[in-house]
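*Asks:* One structure, pasted below without further comment.
None of the figures in this text is laboratory data; all of them are computed from the coordinates on show. These numbers come from a predicted model, not from an experiment. Heads up, the Cβs are rebuilt from the backbone with ideal geometry, glycines too, and the neighbour counts pull from every protein chain shown.
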Amino acid sequence: MKATEMPDPAVKLTPVDVQHKEFKKAIQGYAREDVDQFLDEIIETLEAHIEERGRLLGNISELQDKVSHFKAMEDSLRSTLVLAQRTADELKASAHKEVDLIKQQARVEVDDELQGLKQQIIEARADLQRVLDKTSAAKHDLRNFLSRQLQLMDEVAPGIKTAS
């Protein structure tokens, strides 16, 4: 960590603190060069740990961003899946309604055609009955006519016998 950088609040002892720490001189104290060398090692180690901590915090932040992104994607996919399922259900229901409507229309058309055919049958039967009635009447009229003709023949030629 450079002297111009802000100290990390989680770190209680900074490299700058170690660098500026002065020790009192004492008789038969430690060798100054050894202490300075050890302090330099401490400073390097602290700086390395602070840099590593910063890098790890950056990684954590990046990973948290990725997790948030993936959670958002998951939510979006889940919403899309729910929407797709809802749409599929609506399409299925709509198709069933359409099939029912087509069936109903087909039934109505068949019923109408059946009614038309029944009416044609009724009319054909009525026509047939009229023809039968006319035929029967014509036969009756023909019999009457022939009967009168025979009577007239008997009256005109009473002595002629018919071969039976």
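*Asks:* How compact and how long is the chain, expressed as Rg and Dmax of its alpha-carbon atoms in Å?
*Replies:* Rg and Dmax of the chain, Cα atoms, are 59.7, 192 Å.
*Asks:* Counting only other residues whose beta carbon sits under 12 Å from that of residue 36, what net charge do I get with K and R as +1, D and E as -1?
*Replies:* Overall, the nearby charge balance is -3.
*Asks:* Any idea which of 110, 56, 153 is furthest toward the positive side of the dipole for the chain, if Lys and Arg beta-carbons carry +1 and Asp and Glu beta-carbons -1?
*Replies:* 153
*Asks:* Ok, one more. Any idea what angle helix 32-156 forms with the longest principal axis of the chain, computed on alpha-carbon atoms, 0 to 90 degrees, nearest 10?
*Replies:* Approximately 0 degrees, to the nearest 10.
*Asks:* Let me know the charge dipole size of the chain about its Cα centre in debye, to the nearest 20, where only the beta-carbon of Lys, Arg (+1) and Asp, Glu (-1) is charged.
*Replies:* Charge dipole of the chain: 1780 debye, to the nearest 20.
*Asks:* Something else now. How charged is the neighbourhood of residue 127? Take every other residue with its Cβ under 11 Å from the Cβ of residue 127, and add Lys/Arg as +1 and Asp/Glu as -1.
*Replies:* +1
*Asks:* Quick one: net charge around residue 106, please, counting Lys, Arg +1 and Asp, Glu -1 for every other residue with C-beta under 12 Å from its C-beta.
*Replies:* Result for the neighbourhood of residue 106: -3.
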